[in-house]
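The values are calculated or read from the model by the stated rules, or taken from the named source; none is laboratory data. None of these values were measured; they are calculated from a predicted model. Using ideal geometry, Cβ is built from the backbone for each residue, glycine included, and neighbour counts are taken over all protein chains shown. Heavy atoms of the whole protein, side chains included, go into the accessibility calculation; ligands, DNA and RNA do not. Shrake-Rupley method; radii C 1.70, N 1.55, O 1.52, S 1.80 Å.
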Amino acid sequence: YGQPDPEAIYRLSDSFTADRNDQAIETLIDRLYDYSRVHPNPAEWLQMIPQQYEIGDNATIDELSFIEPLKLAIRHTLEEAKTVAQDLQRLAEMNDGPLPLLDTAKADEAWIDDALEYVINGNWEDVYAYFQTLKWMKAGMIKKDSCDEELAKRGKAMRESVKKIVNALKETYFTRTPERLLEEIRLMAPLMQTLVELVEDFAVRYQALKEERGLVDFSDLEHYALQILSDEKDGKLVPSDIAMDYQNRFAEVLVDEYQDVNFLQEAILQLIKQGGEADGNLFMVGDAKQSIYRF
């Protein structure tokens, strides 16, 4: 706030903070810094962020680089809701199960199937328009003593889970029209530039303070490892002599919980493994639906 021209900082603060304090800005800086550190080149990754908000007047939602990964995440969430609806159908058909919920679950699954079709094969406007049709069928009435009370309780909870999953998608992504989303993205561009500059300033000061005190954190250890294992050639990271030594030392490189490997760790793995997908010695086990970095 004390710089000669703090107008950009004030605009950022007005956009993201409450009247009482600006702690939300501190949280944003902290989180964005942490996100940047899981990339091999944090500064380069940070600079890419404002560029995502600089879109032309004739751009469409589907042209934005993050939409396909986002649609994939939405697809996985819909599939989760569909699985619950199918489980509810099986529960309803059990002996002494809440049979009135069978048609309810089938209707929910049918709506989700159509939503998945739009997400997989349609554009963002199609998906937005379909989510505006969302109107839940009233759950079948379960008469007292008509079925097992515990099964009925479970069935009602499962139906609420389906609704909660899908409603959260609508509230998160489909309350604004595509046109309004594009307008808001354009308005955010200068704010994101200011935020990134704050994060970069924080990173420099934080690093200087750690060096002054002779401290490293876990992220530093990863980045120092990357520096040791890599050289730069034509703008790309290639194995250093030390990395080549490790390549010759390891017969196999085995990775468990691969879905939690971040981009920096992936770069390190690529430097010490041998060969490619067809003839390499890197073997991974993981679950894409549990991924915390890919989307």
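If you roll a 1.4 Å probe over the heavy atoms of the protein chains, what accessible area per residue do you get for region 1-57, in Å²?
Values: 3940 Å² over 57 residues.
Computed with neighbouring chains in place, this is 69 Å² per residue.
What value in Å³ per residue do you get for the convex hull of the alpha-carbon atoms in region 94-253?
Values: hull volume 47.7 nm³, N = 160.
With only Cα atoms used, region 94-253 gives 298 Å³ per residue.
Viscosity 0.692 mPa s, temperature 37 °C: give me the Stokes-Einstein translational D for region 1-65 in µm²/s, with Rh taken as the Kirkwood radius over C-alpha pairs.
Numbers: Rh = 14.3 Å.
Translational diffusion coefficient: 229 µm²/s.
In the set (i) 55, 45, 33; (ii) 72, 58, 41; (iii) 65, 42, 35, which value of Cα extents along the principal axes in Å was calculated from the structure you see?
The calculated read-out lines up with (ii).
How would you order 87-98, 24-35, 132-143 from highest to lowest mean count of nearby Cβ atoms within 10 Å? Each step should come with its number before you reach the end.
Numbers: 87-98: 17.6, 24-35: 15.2, 132-143: 12.4.
Those peptides, ordered most packed to least, come out 87-98, 24-35, 132-143.
Taking N as the number of residues in region 1-155, what is its Cα Rg relative to 2.2 N^0.38 Å? Could you put the intermediate results ahead of the total?
On the way: Rg = 23.7 Å, N = 155, 2.2 N^0.38 = 15.0 Å.
Ratio of Rg to 2.2 N^0.38 Å for region 1-155: 1.58.
Below 10 angstrom from the Cβ of S219, what's the summed charge of the other residues (Lys, Arg +1; Asp, Glu -1)? Write out the running numbers ahead of the final one.
Numbers: positive: R37; negative: D34, D217, D220, E222.
Value of the local net charge: -3.
Just report the Cα centroid separation between region 1-80 and region 100-141, whole Å.
Rounded to whole Å, the Cα centres lie 31 Å apart.
Work out how far the C-alpha atoms of region 172-295 reach from end to end along every principal axis, then list the three figures in whole Å, largest first.
Projected onto its principal axes, the Cα set of region 172-295 covers 55, 42, 29 Å.
Express the accessible area of region 130-274 per residue in Å², computed with a 1.4 Å probe while the remaining protein chains stay in the model. Provide the component values of the computation, followed by the final result.
Working: 9410 Å² over 145 residues.
Per residue, region 130-274 has 65 Å² of solvent-accessible surface.
Ignoring any ligand, DNA or RNA, what whole percent of the accessible area of the chain comes from carbon and sulfur when the probe is 1.4 angstrom?
On the way: 9450 of 18620 Å².
Using a 1.4 Å probe with all protein chains present, the chain comes out at 51 percent carbon and sulfur.
Tell me, what is the Rg over Rh of region 106-188, with Rh the Kirkwood radius over Cα pairs? If you can, show how the numbers build up before the last one.
Numbers: Rg = 16.9 Å, Rh = 15.0 Å.
Radius of gyration over Kirkwood radius for region 106-188 works out to 1.13.
Take each complete run of DSSP H in the chain, measure how far its Cα atoms stretch along the helix's own axis, and keep only those covering 18 Å or more with mean Kyte-Doolittle hydropathy at least -1.0; list them. Working shown, then result.
Values: long enough: 23-37 (21 Å, -0.58); 67-92 (37 Å, -0.18); 101-121 (30 Å, 0.02); 149-173 (36 Å, -0.86); 178-213 (50 Å, -0.18).
In the chain, the long hydrophobic H runs are 23-37, 67-92, 101-121, 149-173, 178-213.
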